[in-house]
Amino acid sequence: MANTCVEVGEASIRIVDLEVPVREVADFFRGLPVEERPFTLMKAIEVGVFCLERGRTAQDTDFVKRKVAELLVQVENAVIDIPKRAEENLLQKIGVLAKAVKAQVEEALRPLVSEVDNLAKEVRGQEAAAEAIEQTTLKGAPYEEEVTGLLRNWAKAVGAEVHHVGGDNLPGDVNIMIPADGIIAQPMTIVVEVRDRGSRAMGRKAIAAEMTAKMAARKATAGIYLSRTQDGLSLREIGEWAEGSCDYGPWVACTHQHLSDRRPFLNRTAKTCYASGHFTRGRFRFNRAAG
């Protein structure tokens, strides 16, 4: 191959000392007649050159196609990216504007924010105080005083004494002390437990336990469990009025409505106490001044 020379003319080529070291080629030409070998070799070269040209052209076309596809992808990506870049630029400008507006608004609202914060602190303080009171005897103090005033209005008619004792941190809020003066056979003390909240609707068992503790602490022989609203009494077991007893004597449970209507309240309470043997039959009377 080193001494091979290929001379190219206007319309032909001349090959000098060409050796083709390919067994398949040698086998093919060995099978041809000697006189046909030059022509066949020429045709083989012609066909081969034609194939090479077509292959190169195809390669060039594929190359061009690939380049065009790459360019199209780049253009498509660039077009897709345009809105994103525009949006980013717009958001950047809006962000600058928003910061400026926010600063102005914050500056304008700063006094109002401070006022609202102070008000919120005051409200939270009041709520904390109210919650603390809820856990102490102060919660029911105003209502206890209201009940004490109502009881004193009719206690004068029967010579009874009414004392607000809820502030001594012992069970029971109001004591009614009735002397033995002919109205009753023996002196008696009625302890009144006053409830101004309905977080728990009390039933018979719970009220009996409460009144046992109150009557024991106040050495009372009767008790009244008074709830400002129906929410504090079990609707099924107590309703607006119920009577019961414990180891220390009878008790009555009712709502404030019955206390406000004093004459029926006193008569029904007296009836309950009479059943316990504290009143002399036929001698318990309230005059109209008690009403």
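I'd like to know which of Ala78, Leu18, Thr4 lies farthest towards the positive end of the charge dipole of segment 1-91, counting +1 on Cβ of Lys and Arg and -1 on Cβ of Asp and Glu. Looking along the dipole axis, the top candidate is Ala78. Per-residue 3J(HN,Hα) values for segment 186-193, derived from phi via the Karplus relation 6.51 cos²θ - 1.76 cosθ + 1.60 with θ = phi - 60°, read 8, x, 9, 10, 10, 9, 10, 9 Hz in sequence order (x marks Gly and Pro).
Placing unit charges on the Cβ atoms of the charged side chains and taking the dipole of segment 1-100 about its Cα centre, the candidate lying farthest along the positive direction among Ala98, Thr40, Phe28 is Ala98. In this structure the amide hydrogen of Gly239, modeled in the peptide plane, comes within under 5 Å of the amide hydrogens of Ser234, none closer than 5 places in sequence on its chain. Amide hydrogen proximity for Ala160: with H placed 1.01 Å from N in the peptide plane, no residue at 5 or more positions away or on another chain lies under 5 Å. Peptides 83-93, 166-176 ranked from most to least packed give 166-176, 83-93, packing being the mean of other C-beta atoms within 10 angstrom over each peptide's residues.
Evaluated with a Cβ-only charge set (Lys, Arg +1; Asp, Glu -1), segment 1-100 carries a dipole of roughly 700 debye about its Cα centre, given to the nearest 20.
Once you compute Rg and the Kirkwood Rh from C-alpha atoms, what is the Rg to Rh ratio for segment 1-100? A ratio of 1.53. Residues whose amide H comes within less than 5 Å of that of Val165, counting only those at least five positions distant or on another chain, are Val174, Asn175 (H built at 1.01 Å from N in the peptide plane).
Rule-based calculations on the coordinates, nothing more; no lab input. Remember, predicted model here, so these are calculated numbers, not experimental data. A quick note on method: Cβ atoms are made from the backbone with ideal geometry, for glycine too, and the neighbour counts reach across all protein chains shown.
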